[in-house]
Amino acid sequence: MTSTGPSTTTLLGSTARPPRPALSSGSIAALVAAAVTFNLGGALHPNDSGTGSKVDQLHDMLLEPRWYPSHLFLLASFALFTVALGRLVRRLDTTPVTHLLLRVMVVVSAVTTAAMVPHVLAPLGADSLADGRANALSAFMTIDETLADAPWALGIALLALVGGVSGDLGNRVTAVAGLVGGACFAAAALTIPFSDALDALFAVGGSGITLWALGVAAVGAWRRRTDQGAVRRA
């Protein structure tokens with residue numbers, strides 16, 4: 001008697017996990033470059049003296065010769081993250097939630113990149129802070145930290161969690177790195193205009209975000225190589 005039930009192939013096909021998305025070589029390169037420049041920007045960033053008012057500390061940092069190279073690396077990093085996220089939106093087949101987060105983060109990252117331009121040039125107005133009083137420059141720096149950098153870092157944390165758990169971007173290990181890194185960086189960015197208490201979290205956050213981007217690139221490259229090997233064997 002001929003069976004009319006579902007075939008073994010059909011059953012296996014219905015339960016098999018869909019292939020995890022692999023990254024293109026351009027997306028991998030953009031993520032790696034973003035991670036490297038982000039880490040360099042953080043490593044070179046001048047530290048405040050920890051004494052005096054926040055305006056005094058900002059004035060001292062603006063006079064540091066490392067300000068320009070540090071913030072040029074950070075500007076390049078945010079721009080590269082924007083490029084990488086944009087490529088992922090267009091080229092990566094992800095779950096709807098990850099896709100939505102990617103679309104939102106492209107906008108957030110672009111805004112953060114634009115806000116970094118006057119941030120880079122802030123030393124040009126350092127003299128206006130010499131008397132220790134807040135002005136338009138210090139007000140902008142506060143807005144930049146709290147309304148641009150912090151939301152960007154929180155977005156990275158959420159994207160790392162959702163993308164890692166779903167397997168769309170990296171895996172559960174990269175999810176932990178991005179979640180911790182993004183949350184720590186956001187906490188430090190939110191509080192730095194008012195307190196030095198969480199400044200140490202910048203290093204933790206920067207390391208976590210760097211590891212997340214490199215991890216996502218590495219997992220994506222491995223999947224790409226695996227897929228290409230499967231095609232050649234077929």
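Calculate the FRET efficiency for Arg90 and Ala126 from the Cβ-Cβ distance with a Förster distance of 30 Å, rounded to the nearest 0.05. Before the final figure, lay out each step's value.
On the way: r = 41 Å, r/R0 = 1.37.
According to the calculation, E is roughly 0.15.
For Asp196 and Leu72 in the same chain, what is the full-extension length gain: residue separation times 0.36 nm, less their Cα-Cα distance, in nm?
Taking 0.36 nm per residue and subtracting the Cα distance, the gain is 42.3 nm.
How much net charge surrounds Val219 when only other residues with a Cβ under 12 Å from its Cβ are counted (Lys, Arg +1; Asp, Glu -1)? Intermediate values should be presented prior to the final figure.
Values: positive: Arg20, Arg172, Arg223, Arg224, Arg225; negative: Asp168.
Its environment carries a net charge of +4.
Quick one: net charge of Leu169's neighbours, Cβ under 13 Å, K/R +1, D/E -1? All intermediate terms of the calculation are to be shown ahead of the outcome.
On the way: positive: Arg20, Arg87, Arg91, Arg172, Arg223; negative: Asp93, Asp168.
Neighbourhood net charge equals +3.
What does the charge count near Asn47 come to, summing +1 for each Lys or Arg and -1 for each Asp or Glu among other residues with Cβ under 12 Å from its Cβ? Write out the running numbers ahead of the final one.
Values: positive: Arg66; negative: Asp48, Asp60, Glu64, Asp196, Asp199.
Around Asn47, the charge tally is -4.
Compare the Cα positions of Pro46, Val36, Ala114 along the charge dipole of the range 25-227 (+1 at Cβ of Lys, Arg; -1 at Cβ of Asp, Glu; about the Cα centre) and return the one farthest towards the positive end.
Final value for the positive-end residue is Val36.
Step through the residues of the range 207-224 one at a time and calculate ³J(HN,Hα) from phi using the Karplus curve (6.51 cos²θ - 1.76 cosθ + 1.60, θ = phi - 60°), rounding each to whole Hz and writing x for Gly and Pro.
Ordered by residue, 3J(HN,Hα) equals 5, x, 5, 4, 5, 4, 4, 5, x, 4, 5, 5, 5, x, 5, 4, 5, 4 Hz.
Computed from the coordinates by the stated procedures, all read-outs in this text should not be read as laboratory data. Remember, predicted model here, so these are calculated numbers, not experimental data. Neighbour counts run over all protein chains shown; Cβ positions are idealised from the backbone, glycine included.
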